[in-house]
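Take a look at the structure below.
The values are calculated or read from the model by the stated rules, or taken from the named source; none is laboratory data. A quick note: this is a predicted structure, and the numbers were derived from the prediction, not measured. We place every Cβ from the backbone using ideal geometry, glycine too, and count neighbours over all the protein chains shown. Only protein heavy atoms, including side chains, enter the accessible area calculation; ligands, DNA and RNA are left aside. Shrake-Rupley method; radii C 1.70, N 1.55, O 1.52, S 1.80 Å.
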Amino acid sequence: SGLKIHKELAQLGGLENINVAGWKVSDDTVMHLATAEALVELGKDRDLPRLYSLIAKKYQECMNDMDGRAPGVTCMANAMILRPDVPEGWKIPFSKKEGGCGAAMRAMCIGLRFPRPEQLDDLIQVSIESGRMTHHHPTGYLGALASALFTSYAINRKPPVEWGKGLLDVLPVAKKYIENSNHFVAENLEAWSYFEHSWQQYLKGRDLLDGKGPAQFPEVYGVLERDAFYTTLSYSGWGGSSGHDAPMIAYDATLGAGDSWTELAHRAFFHGGDNDSTGVMAACWWGAMHGFMGVNPANYNKLEYRARLETMGRELHSIST
C-alpha cells in the first residue's frame, strides 16, 4: 500500500536521502533503453519498417538482461516470438489480453526523437507499432502513444493542463492509421473505445476536457485518497498496470506536483499500484520540462546504466534537430 511505502520512505530519510548506488533499474528502463538504441541506430533515416525490425531485435536482446528486474510476462513472451530478420516479422496477432502498461513504459524516448508538430505522424506510427510488438490491443499500445506524445509536449513546454485534450485530439488520427494498416483492423476497432472513454472520464473529473484548467483536485488528496483514486482508474484493481491508467496516473501526478520533484515522487512513485511504470513516465516528463531541478544527486549519481541513458539522450536530441 501507499501508506506502507511512505513509511519505509521515511525510515530511509525521505526521497532526498535515497542513494541508488547498487540498485537495479527496472525492466521498464531496460526496455526503454532498447527503444532508444533502435531509434539512434536508425539515425535520421525515415525507413520505418527497418526501424521496427531494429526495435524488435533490441526487445529480444534486452530480455537477456531481466534477471532480478521483474519483467512483465506479456513483454517477455511476445518479445521472444518476434522475427526481426523476416519482413514484417515484428507484427504479432491481436489479443484481448494485451492491454497492460508494458508498451507505455518504454515509449517516452519516441517523443524525444519526434518532438516537433510536423513529426506527429511519425510519433503516432512508431509508438503504435513499437507498442503492439508485445501489446497488440488498443488499451496497451495507445498507452505508448500517450507516453511518447506527452514527452513531446513536455519538450515543447506545452502546459500540462493541455496535454490530456491534446491526446484526445490525436486519437482520431491514430484510429485512422489503424484503419489503414490492414492488420487486425476489425479487432482493434472493436476494442478501441475503452482507452478513449477512460481518458474522457478522467479529464472530465479534473475539469480538463477543454484543456484550459486549472485541474480540479479534491481538498483532501493524501496517500490514502490517491491509492483509492488510482484503483478506480484501473482495469482490474491495480492502479497503473494498464496502458490507459499508467500514463494517466503519471499525468495526474504531473498536474498536482507543480514544480516540486518531491511532490511528483510522492504521487507518481510511492503508491500501492504499478508504481515503477507510473514513476518512469512521470520522471521522464519532469526531466524534459525541468532537467534535474530539485533532484538530489544521490537519486541519480550512481544509477545503473546512467552512462547509457545519458548517451541515448544526447544522441536522440542530436538526430531530432
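Things to note:
- Enumeration of residues in region 213-241 that are outside any loop (DSSP other than H, G, I, E, B) and either among the hydroxyl-bearing types (Ser, Thr, Tyr) or under 17 Å from the mean Cα position of the chain (by Cα) (or both): Tyr230, Thr231, Thr232, Leu233
- When Ile92, Ile81 are checked against the criterion of being surrounded by 20 or more Cβ atoms within 10 Å (Cβ to Cβ) and closer than 26 Å to Ser241 by Cβ, a single residue qualifies: Ile92.
- Filtered residue count, region 242-262, keeping only those that are outside any loop (DSSP other than H, G, I, E, B), touching a Gly at 6+ places or on another chain (Cβ under 9 Å) and closer than 20 Å to Gly205 by Cβ: 10
- Residue in region 138-152 that is surrounded by the fewest Cβ atoms within 10 Å (Cβ to Cβ), counting only those that are closer than 11 Å to Ala104 by Cα and among the polar types (S, T, N, Q): Thr139
- Residue match in region 4-15 (condition: in contact with a Ser or Thr (Cβ under 8 Å, 6 or more places away or on another chain), assigned to a helix (DSSP H, G or I) and hydrophobic (A, V, I, L, M, F, W, C)): yes
- Looking only at residues in region 279-306 that are aliphatic (A, V, I, L, M) and not in a loop (DSSP other than H, G, I, E, B), the one that is nearest to Pro159 (Cα to Cα) is Met289.
- Restricting attention to region 208-253, the residues that are over 17 Å from Asp276 (Cα atoms) and acidic (Asp, Glu) total 3.
- Residue list for region 271-321, filter: under 23 Å from Asp122 (Cβ atoms) and among the hydrophobic types (A, V, I, L, M, F, W, C): Val280, Met281, Cys284, Trp285, Ala288, Met289, Leu309, Met312, Leu316, Ile319
- Residue count for region 119-137, restricted to those that are open to solvent by 20 Å² or more (accessible area, probe 1.4 Å) and among the hydrophobic types (A, V, I, L, M, F, W, C): 1.
- Residues in region 262-321 that are surrounded by fewer than 22 Cβ atoms within 10 Å (Cβ to Cβ), of a type in the set (Asp, Glu) and more than 22 Å from Asn17 (Cα to Cα): 2 in all.
- The listed residues are Leu33, Leu42, Leu54, and the only one of them that is without any contact (Cβ under 8 Å) to a residue 24 or more places away in the chain and open to solvent by less than 50 Å² (accessible area, probe 1.4 Å) turns out to be Leu42.
- Exactly one residue out of Gly68, Gly72, Gly102 is open to solvent by 20 Å² or more (accessible area, probe 1.4 Å), within 18 Å of the chain's Cα centre (by Cα) and of a type outside the set (A, V, I, L, M), and it is Gly72.
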